[in-house]
Each structure stands twice: as structure tokens, then as C-alpha cells.
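Participant: I have a structure I would like to understand better, so I am pasting it below and will then ask my questions one at a time.
Read-outs: derived from the displayed coordinates by stated rules, not from any lab. The structure displayed is predicted, hence computed values, not measured ones. Note that we place each Cβ from the backbone using ideal geometry, even for glycine, and neighbour counts take in every protein chain shown.
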Amino acid sequence: MTELILSIRNNYFKLFKDLNLKKISIFSLILILVFNQTEVGSITRLAMANAYLSVSVYVAITLLIFLRLEKSKNYSLSNFFKNNLKLQIPVASLLGSIPGCGGAIIVVTQYLQGNITFGCLVAVLTSTMGDAAFLILAKEPMSALFIFVICMIIGSLTGFLVDFFIKKKIKNNNIKINLKLEEIDNKFHLFLYKIWLIIFIPGFFLGITNHLQIAPPKILNFDINYIFGFTAALFSIFLWTINPFSDRAVSLDRSRETNFKSVDLTNFVTLWVIVGFLFFDLGIYFTGLDFKKLFDVILPLTPLIAIFVGFIPGCGPQILTATLYLNGYIPFSAEIGNAISNDGDALFPAIAICPKDAILATFYSAIPALLVAYTYFFFLEN
């Protein structure tokens with residue numbers, strides 16, 4: 001009997017031993033809001049439904065495509081950088097502008113190994129906008145393309161200027177950064193991943209019809225979009241909660257199975273999008289403030305605020321900023337400023353190994369962020 005109980009625990013409940021307290025707290029808070037009997041519950045459920053159908057399904061399909069393309073690359077970047085010194089900075093900027101943090105992390109690793117210059121580090125941190133790129137790409141592909149091109153050009157120019165004035169290259173320490181997370185082998189968790197992918201298929205089509213404002217027929221007076229979107233969003237947050245790996249570790253790891261990594265990152269983005277929606281919807285409900293008007297009052301400061309948010313390592317705050325832009329709360333100039341100033345998850349390995357260089361590179365990226373954001377703000381938005 002004891003062996004049977006241990007077998008059940010190891011096969012189905014082993015994963016729950018490694019639950020993250022922070023994740024549990026966030027999930028518990030969301031459950032409290034969801035099942036609130038007042039209007040707060042209705043606002044929360046509607047925000048979750050909108051977040052999944054309006055954002056998550058597009059982020060998921062984008063991640064599935066880009067992560068598969070990233071996995072297909074098989075060449076020696078070290079040899080390329082060593083043999084093409086003049087192309088180091090443009091290629092670093094190009095890799096940084098690729099949605100997500102994968103390309104930027106590769107370039108940062110090359111710098112830590114002493115293969116490229118400090119200007120390349122500045123270029124890649126300036127050009128990358130991390131996982132927030134997927135959000136813009138899913139909702140406004142033309143705006144995303146414009147941001148990618150701007151970030152790549154500004155990253156290259158900044159990198160060349162830094163190398164011209166600062167001759168610096170880190171000592172080759174033969175550092176190898178390769179976070180290889182163990183694949184989740186828990187049968188219950190693997191089953192949930194498969195369920196998520198199955199749910200995603202009709203969710204994607206509902207997201208398209210919702211985007212085209214085609215309302216599906218009601219069944220027994222139930223709103224399919226509302227019920228499906230809310231249920232899928234809640235399931236996504238639950239799967240994010242029981243994931244034993246941190247969001248940073250999942251983002252940095254390049255060995256993880258593509259479908260699972262896509263699900264994990266989509267769940268992470270979903271959580272932050274819901275946080276952004278609730279921040280305003282519940283904020284308006286409790287305070288009566290019109291946040292759109294509030295941001296209009298401090299409009300000249302919004303690019304500066306967005307740039308300062310970009311200094312925060314990680315992708316969560318940047319996803320929140322992108323969500324504010326997509327919902328019309330902040331101008332495009334603020335999103336551009338944030339895109340240039342933020343470094344995504346690529347900053348973490350640099351901070352861990354050469355914090356002085358990482359902080360200095362981040363500081364340098366703020367200068368073009370200010371110039372470009374406020375140039376766009378004054379000449380194209382006013």
C-alpha cells in the first residue's frame with residue numbers, strides 16, 4: 001500500500017512539491033478576484049477572456065513559429081564574429097531585434113566569451129525589446145516591423161559610436177552559458193500541456209473571428225467567446241503556477257522542447273496582460289479615474305516614464321508597457337522609447353558575470369531612447 005501511494009505521488013503529484021510561493025500567491029489573488037460576488041468578479045473574468053482571445057492566441061502562434069525558426073539555426077556564430085569584424089555590430093543588432101530574448105542572449109554570451117566588442121553588447125541591448133515584441137507583433141504587425149527596424153538601426157549606430165570612443169573588449173574567460181533545464185517528466189503536467197495545445201486550436205480561430213468582430217452564435221444564451229476565453233485564461237495561469245521553473249530560466253534556456261517553451265512563455269505573457277488590463281479596469285472601478293485622461297495630462301512625461309521602466313531587467317514590466325500602448329493609454333513614442341531602453345532577459349547573464357559592463361551598456365542605451373522617443377513625440381505626435 002505504501003509503495004502504491006509513493007508511486008502515485010511520484011507520478012502525478014511530485015511536481016507540486018516544487019511550487020513557487022510567489023506564483024501561488026499571485027494565482028490565489030486572481031482566484032479571489034475571479035470568484036468575487038461583486039462587480040469586481042465580472043470585471044476580472046471579462047478582462048481575462050479579452051486577454052486570451054485578443055492577445056494570448058496571437059502570442060502563442062507567433063512563439064510557435066519563431067521558436068521553431070530559432071531552433072533550426074545551426075552554425076558557429078563565434079567563427080562568424082571572429083572572421084567578420086566589420087559586421088559584428090550590424091549582426092548583433094539584427095539578432096537583438098528578433099522577437100524574444102533568444103538572439104540577444106546569444107550575442108551577450110559571445111561578449112562574455114570575449115569574441116565581440118563592448119559596442120556589440122550596447123548594440124544588442126539597444127535593439128532588443130524581449131518578449132514584449134511578440135505582443136506588438138501579434139496585434140499590430142506593421143507597428144512591430146517599424147519598431148524592429150528602428151531598434152536595429154539605432155542599435156547599430158549606437159554600437160559603432162561606442163566602439164569609436166571606447167575601445168573595450170572583455171577578457172576571454174571561455175565562459176559557456178547554456179541553461180539546460182530538465183524536461184518536465186511528470187505525467188500529469190505533460191497531460192496539461194497537451195490539453196493547453198488542444199484548447200489553443202479553437203481559441204486561435206475564436207481570436208480571429210473576435211478580431212474581425214464576427215460574433216459566434218450563442219448556445220443556450222451563453223457567450224462562447226466569454227466562456228471560452230475566461231476558461232482558457234484561467235487554465236493558462238494555473239499551468240504557469242505549477243511550472244517549477246522560473247520565467248527567467250524558461251526564457252534563457254535554449255534546449256527546452258519548442259511546444260512546451262511556447263506554452264510557458266505564452267502563459268507568462270498572458271499573466272502580465274491580465275495584470276495590465278486589471279490595473280486599469282479595477283483602477284477605474286475603485287477610483288473613478290479616467291486613466292486615458294490622466295495619461296493625457298502627463299503626456300510629455302510618458303516617453304520618459306516608459307524609458308525608465310525599460311531599465312527594469314526582465315520582460316514583465318515591458319509587456320505591461322506594450323499592453324498600455326495597445327490599449328491606447330500611452331503614445332507610440334513611449335513604446336518606442338521603452339523598446340530601445342529595455343534589454344529583456346538578455347541583461348541577466350551580463351549582470352551576473354560583468355555587472356559593471358551591463359549597467360554601463362544599459363545607461364548608453366538610454367541616450368538614443370530619449371532622443372528617438374522625444375523626436376517622434378514632438379515632430380510626429382504633436
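Participant: How big is segment 223-382 by Rg and Dmax over its Cα atoms, in Å?
Facilitator: Calculated on Cα positions, Rg and Dmax stand at 17.7, 54 Å.
Participant: Okay, moving on. Sorted from fewest to most neighbouring beta carbons within 10 Å, what does the list Cys120, Cys101 look like?
Facilitator: On the way: Cys120 30, Cys101 27.
Going from least to most buried by this count: Cys101, Cys120.
Participant: Sort Val297, Val55, Val263 so that the residue with the fewest other Cβ atoms within 10 Å of its own Cβ comes first and the one with the most comes last. Present the calculation step by step, with values, prior to reporting the outcome.
Facilitator: Numbers: Val297 8, Val55 28, Val263 25.
The order, fewest Cβ neighbours first, is Val297, Val263, Val55.
Participant: Given a Förster distance of 45 Å, report the FRET efficiency between Lys293 and Leu87 from their Cβ-Cβ distance, rounded to the nearest 0.05.
Facilitator: Details: r = 48 Å, r/R0 = 1.07.
Computed FRET efficiency for Lys293 and Leu87 comes out at 0.40.
Participant: How do Lys86, Lys292 line up, fewest other C-beta atoms within 10 Å first? Don't jump to the answer; show the numbers that get you there.
Facilitator: Values: Lys86 6, Lys292 13.
Ascending Cβ contact count within 10 Å gives the list Lys86, Lys292.
Participant: Length gain on complete extension for the stretch Asn259 to Glu39, per 0.36 nm per residue less the alpha carbon to alpha carbon distance?
Facilitator: Numbers: separation 220, 0.36 × 220 = 79.20 nm, distance 3.66 nm.
Extra length available between Asn259 and Glu39 comes to 75.5 nm.
Participant: Mind giving me the FRET efficiency for Phe222 and Leu21? R0 is 56 Å, r the Cβ-Cβ distance, nearest 0.05 is fine.
Facilitator: Values: r = 36 Å, r/R0 = 0.65.
The formula returns an efficiency of 0.95 here.
Participant: Mind giving me the FRET efficiency for Phe165 and Leu301? R0 is 25 Å, r the Cβ-Cβ distance, nearest 0.05 is fine. Present the calculation step by step, with values, prior to reporting the outcome.
Facilitator: Values: r = 30 Å, r/R0 = 1.21.
Approximately 0.25, to the nearest 0.05.
Participant: So which of Lys139/Lys356; Lys139/Lys187; Lys23/Lys194; Lys82/Lys261; Lys22/Lys293; Lys22/Lys139 end up more than 26 Å apart by C-alpha? Let's see the in-between values first.
Facilitator: On the way: Lys139/Lys356 36 Å; Lys139/Lys187 34 Å; Lys23/Lys194 22 Å; Lys82/Lys261 31 Å; Lys22/Lys293 33 Å; Lys22/Lys139 29 Å.
Over 26 Å Cα-Cα: Lys139/Lys356; Lys139/Lys187; Lys82/Lys261; Lys22/Lys293; Lys22/Lys139.
Participant: Please report, for the Cα atoms of segment 119-166, the Rg to one decimal and the Dmax as a whole number; what are they, in angstrom?
Facilitator: 12.2, 39
Participant: Additional query: Highest first, please rank the peptides 317-330, 125-138 by the mean number of other Cβ atoms sitting within 10 Å of their residues. Let's see the in-between values first.
Facilitator: Numbers: 317-330: 22.9, 125-138: 28.9.
The peptides rank, most packed first, as 125-138, 317-330.
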